[in-house]
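Visitor: Before I ask anything, let me first share the structure, which is written out below as structure tokens.
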Amino acid sequence: MITDAASILGSLVIIYFLNYKLALIATAILPAAVLLLWSLGGASRKQYRISLANLAGLVAKMQENCAGIKVTKAFVQDDAAAKGFDEVNDKTVKAWKRTIFISTAYLPIVQIMRLIGTVLILWYGSVLFVNGQITLGVLAAFLEYQFSYFMPLTTLLTAFDQYQSGTSALERIFDLLDTRAEVLDPAPDKAVRIETIDEVRFDDVTFGYDPESPVIRNISLSLQGSKTLALVGPTGAGKSTTINLLERFYDPVSGKILINGHDVRDIPIADCRAHMSTVLQDSFLFPMSVRDNIRFGKPEASDEEVVDAAKTVGAHEFIMRLPGGYDYLIQEGSSNISIGQRQLISFARTLLVDPKLLILDEATSSIDPYTELVLQKALKKLLENRLAIIIAHRLSTIRLCDEILVIDQGRIVERGSHVELMKLNGLYSSFYKMQFREERGVDSPPSPALPQEA
């Protein structure tokens, strides 16, 4: 860029020294050319943005089709999936065609401007030569110097197009890098450090992903000591949202969440989550050995600790039946083990970490009745000497809890123990009876003891 710019400026200076009148004619076309090319550059950058956005959509569509290939095959929607991909692909191709059309327009415009400039130099230069104001050598020199500033201009325009492409890509990158996180750590000088979790309290908490449409409203609850709390309610009632707020994936719109009496927003996020462990309905396992997955949260754990954790939750038997046992490699997406086996490994991973606060979010919903019975016994061990919050639709798991909160449409509508809620004959009672009436053949509230049948 430096050498080309120097060549252009040097050529312009020389032709103005040779004959300023002819130089004015020779450069008269340059302002129009610069203005046209500048406008073209703006259009080029805009079109590059569109093309890159379409390319991102194409990649997303490819990933979506690959991830959902089993569902697509199962519902015989191969043609529909291919058609959807073709539509996105065609849109992307058309966008890039427009981009390339603008990009390749730079050089022809420069060449046309150069031809116009050459014609003007020949015409006016001939007039000056006939009138004896310049020599033939000066006219020839003008034509050569015109070549000297137009050719570097062509090279600069190529770089200008690359600049538009790069700038458009950088804008997309900086849009991501400049995105401000909604949940932030407190300032270092105001941060409250915690060594454990002894108490959790929700104080009139309201939250909505859209602040105008709250998902949970005025939730108040308290959990301390080694108590176990259950959240029960229909799908979409706000149970998982409550857990997400406690783990600070979001902050409440109003109200406070307190841990050990401190506002959770005053506690560093890492400190807060270090004492929690969550087992989800569809727990994620990494594409590595069973052993490494179990000690993911505690890399320094010994092999004996890993085996003990697996035995405690009832995972040891099936692990030993796998080829290679604890060294068995789990494939991406856990496609080579069942959902129930994946869940048992997740329980072992959680037990090994030994969190002070355990969160189970529909953790037993994907497990067969026999495995659930094994896991119920393991849960007793898992829940010892720790706080726990359990979300489950299977109410046999809920009966282990000290207190049960029934949430409906984002509000707590019932609270109490299993026996107390059964006596209320409300929403919880109706849930329980729907699940157990056929098995028990009675409508009276069963004993809160753990059922022994599978």
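Visitor: Using a Cα-Cα cut-off of under 24 Å, which lysines could be cross-linked to K94, ignoring same-chain neighbours fewer than 8 residues away?
Guide: Straight-distance partners of K94: K46, K61, K83.
Visitor: Okay, moving on. Of all DSSP beta bridges in the range 199-440, what percent run antiparallel (nearest 5)?
Guide: Working: 20 of 37 bridges.
Antiparallel bridges make up about 55 percent of those DSSP assigns within the range 199-440.
Visitor: Given an 8 Å cut-off on Cα distances and at least 6 residues of separation, report the relative contact order of the range 199-440 as a percent.
Guide: Working: 437 pairs, mean separation 64.1, N = 242.
Reported as a whole number, the value is 26 percent.
Visitor: Could you list S240, S335, S11 in order of exposure, starting from the residue whose Cβ has the fewest other Cβ atoms within 10 Å? Display every interim value, and only then the final one.
Guide: On the way: S240 18, S335 9, S11 22.
Ascending Cβ contact count within 10 Å gives the list S335, S240, S11.
Visitor: OK, next. Fewest to most neighbouring Cβ within 10 Å: what's the order for R172, R273? Let's see the in-between values first.
Guide: Values: R172 14, R273 17.
Lowest count first: R172, R273.
Visitor: Let me ask you something else. Obtain the nm distance between the two label points defined at V183 and K94 by a simple spin-label model: each point lies 7 Å from its Cα along the Cα-to-C-beta direction.
Guide: Spacing of the two 7 Å Cα→Cβ label points: 4.1 nm.
Visitor: Quick test of the membrane-span-like rule: which DSSP H helices of the chain reach at least 30 Å along their long axis (C-alpha atoms) with mean Kyte hydropathy at least 0.0? List each step's numbers first, then the result.
Guide: Working: long enough: 29-67 (56 Å, 0.59); 78-103 (37 Å, -0.55); 106-130 (36 Å, 1.72); 136-177 (61 Å, 0.61).
Result, helices passing both filters: 29-67, 106-130, 136-177.
Visitor: Going through the cross-link list K356/K433; K239/K311; K239/K433; K311/K356, which pairs have a Cα-Cα distance over 25 Å in this structure?
Guide: On the way: K356/K433 33 Å; K239/K311 30 Å; K239/K433 21 Å; K311/K356 21 Å.
Correct reply: K356/K433; K239/K311.
Visitor: Taking the DSSP beta bridges in the chain as the whole, what percent of them are antiparallel, to the nearest 5? Intermediate values should be presented prior to the final figure.
Guide: Details: 20 of 37 bridges.
Percentage antiparallel, nearest 5: 55.
Visitor: Another question, if that's okay. Would you work out which of A56, G68, S11 lies farthest towards the positive end of the dipole of the range 1-85? Charges go on Cβ: Lys and Arg +1, Asp and Glu -1.
Guide: Of the listed residues, the answer is G68.
Visitor: With r as the distance between the Cβ atoms of A159 and D263 and R0 = 60 Å, compute the FRET efficiency 1/(1 + (r/R0)^6) and round to 0.05. Intermediate values should be presented prior to the final figure.
Guide: Details: r = 54 Å, r/R0 = 0.90.
So the FRET efficiency works out to roughly 0.65.
Visitor: Take L329, project a point 7 Å from its Cα along the Cβ direction, then tell me which residues of the range 266-291 have their backbone nitrogen under 11 Å from it.
Guide: Taking a point 7 Å out along Cα→Cβ of L329, the residues of the range 266-291 whose backbone N falls under 11 Å are 287-289.
Visitor: Summing Lys, Arg as +1 and Asp, Glu as -1, what charge do residues with Cβ under 11 Å from the Cβ of I257 carry, I257 excluded? Could you put the intermediate results ahead of the total?
Guide: Working: positive: R201, R248, K256, R265; negative: D203, D204, E247, D251, D263, D266.
With Lys, Arg at +1 and Asp, Glu at -1, the neighbours total -2.
Visitor: In percent, how large is the relative contact order of the range 2-177, given Cα pairs closer than 8 Å and 6 or more residues apart? Mind dumping the intermediate values first?
Guide: Values: 122 pairs, mean separation 75.5, N = 176.
This gives 43 percent for the range 2-177.
Visitor: Report the gain in length on full extension from V34 to D4: 0.36 nm times residue separation, minus Cα-Cα distance, nm rounded to one decimal.
Guide: 9.2 nm
Visitor: Helix-only mean residue ellipticity at 222 nm, the chain, DSSP H runs n ≥ 4 weighted -39,500 (n - 2.57), per residue, nearest 500. What is it?
Guide: So the calculated ellipticity at 222 nm is -18000 deg cm²/dmol.
Visitor: Under 5 Å between amide H atoms, partner at least 5 residues away or on a different chain: which partners does E414 have, H built in plane at 1.01 Å?
Guide: V406
Visitor: Pairs of alpha-carbon atoms within less than 8 angstrom and 6+ residues apart define the contacts here; what relative contact order does the chain have, in percent? Please list the in-between numbers first.
Guide: Values: 625 pairs, mean separation 67.2, N = 454.
Averaging sequence separation for qualifying contacts and normalising by length gives 15 percent for the chain.
Visitor: Report the calculated FRET efficiency for R321 and F286 (r = Cβ-Cβ distance, R0 = 22 Å), to the nearest 0.05. Walk me through the intermediate numbers first.
Guide: Values: r = 21 Å, r/R0 = 0.96.
Calculated value: 0.55.
Visitor: Between F174 and K46, what is the FRET efficiency for a Förster distance of 25 Å, r being their Cβ-Cβ separation, to the nearest 0.05? Intermediate values should be presented prior to the final figure.
Guide: Values: r = 17 Å, r/R0 = 0.67.
Efficiency at R0 = 25 Å is approximately 0.90.
Read-outs: derived from the displayed coordinates by stated rules, not from any lab. Computed from a prediction, not measured in an experiment: that's the story for all the values here. Counting neighbours? That spans all protein chains shown, and the Cβs are built from the backbone with ideal geometry, glycine included.
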